Amino acid sequence: MYILAKCPRIAWLSTLPLVLAFAATPMMVLAQQASEESVQLDTLSLDCSALETLDTPVSGVEWMRRSLLAQHCVNFQARAVRAGSGGVRTLALTHEVDDGTERDELVMLDDSPLTHERRGVTAMLLKNEHGLFAATPDAIVDHLDDYYRFRLFDNQRIAGRPAVRVDVEPRDNFRHARRQWIDVETALPLKQELLGERGVLETFQLVELDVGQRYAGTIAVESTVSKLEGPWQPDWLPPGFIRQSVKQDASRQGRVHHLYSDGLATLSLFVEPLQGQPSLKPGIHRLGASQAAVVQPRIGEQFYQIMAMGELPPYVLRRVVSSMEASLSRSSPASQPAS
C-alpha cells in the first residue's frame, strides 16, 4: 500500500500506511553519517483524467491499478477505525489535491487528539536493469503481481457503500496475505485486513466517507534516493523488497535506518552502536500488526543493536537481522586479515 509520510505511496495505502508510517515507517530514511548524498530521480506525473477513460475493472489486478490512481486523485474526508492487538483506535482522514499538490491529514481521535499533516508525496521506487526509478501505479501493480495473486469477489458492501473485495495472496512464505475492499464508485479502499497464520492481525476500515470532487489535472510526484557508502547493507532481503527514500532522524547520531517495500509490505532496518542508551531486549517484539526482531551482537570491540521491523512473519525478520549481523562482522576491522 502506499507508504505515507513523505514516502512512496501505494496510497491508502496513503492513509493506512499513513497511520502506520507516522508510527514507524514507509519509506525510507537513510542515515549514513555525514557522507550521505541524495540523488534526484525523474519527476513522475500522474494524469488523473485517466480515471474518466479507464474501463470498469473486471479483475483483482485491474481494481488495484484503478485504486492506486484514485487514491492520489479523489478528494475525500473519512472516519476510520483501526483494530488489532493494541485495541481499537478511531481516526479522521482527509485527502485533498490543490493545483497538483496533495495534502493528507490524519487526526488520532482517542485520548489527547493528535494531528499529522503531509504535503506532497515521494514516489515509490522500483528497480530495473538501469537502476532505481520512480514507479507509476501500473508499474507498482506489475511488481506486486510477481509476488502476490489477486482474487476478485463482487457484491460486497462496506460502510453502506457497494464494494468489491480483492484477496491478496502471497506467492511465497516471506509476506502476509491481505484482504482489501474497494469502493465501486470511487475506487478508494474502504477496508483492509492483514492476515497471519492464525487469522486477522489487524483491520483498518472506513466507517464514514464523504467524497469530494475528483481532481482532473496532473500531479507531480518527486523522487529521491540516498546514495550509501560503507558496509551498512544486509546480505539478504525478502524477494521484491526495494529500498526507498526516507528522511533521516538527526536526533539519533550514528544510527542507520533503511526502509524497504515490496509495494504492500514495508520493512525498516535499524543499526546503531550501543553506547549506554536504552535498548530493546533481544528477541521478537509485537508492535500492533508489525513485529520487530532484535539482536545485539558484539563486533570487534563494539556492541550493536540491529532491529528489523515490519508487517512480516517473524522468521523473515530474524533472517534479515542475521544477514545484517553477518555483513557487519565481515566489515569489522577485527575480521580483516593482518597485513
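Listing for the model above:
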| read-out | value |
| --- | --- |
| Extension gain from Q233 to A177, taking 0.36 nm per residue of separation minus the Cα-Cα distance | 17.4 nm |
| For the range 227-335: rounded, prolate or oblate by the Cα gyration tensor [a/c cutoff 1.5] | rounded |
| Cβ crowding within 10 Å averaged over residues, with 132-142, 110-120 ranked highest first | 132-142, 110-120 |
| Net lengthening on full extension, I284/L109 (0.36 nm per residue, minus Cα-Cα) | 60.0 nm |
| Cβ-based net charge around H176, under 15 Å, with every Lys or Arg adding one and every Asp or Glu removing one | -1 |
| Per-residue HN-Hα couplings for the range 269-278 [Karplus 6.51, -1.76, 1.60; θ = phi - 60°; Hz; x = Gly/Pro] | 10, 10, 9, 7, x, 8, 9, x, 6, x |
| Environment charge at D110 (Cβ cut-off 14 Å; Lys +1, Arg +1, Asp -1, Glu -1) | +2 |
| Phi-based couplings in Hz for the range 89-103 (Karplus 6.51, -1.76, 1.60; Gly and Pro marked x) | 10, 10, 9, 10, 10, 9, 10, 9, 10, 10, 6, x, 10, 8, 10 |
| Ranked E272, E129, criterion: other C-beta atoms within 10 Å, fewest first | E129, E272 |
| Separation in nanometres of the label points that stand 7 Å from Cα toward Cβ, at R149 and V295 | 3.3 nm |
| Residues whose placed amide H lies under 5 Å from that of F303, excluding near-sequence neighbours | L274 |
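Each reported figure results from applying straightforward, stated rules to the coordinates on display, with no laboratory input. All values reported here derive from a predicted model rather than from experimental measurement. In this analysis, Cβ positions are derived from the backbone assuming ideal geometry, glycine residues included, and neighbour counts consider all displayed protein chains.
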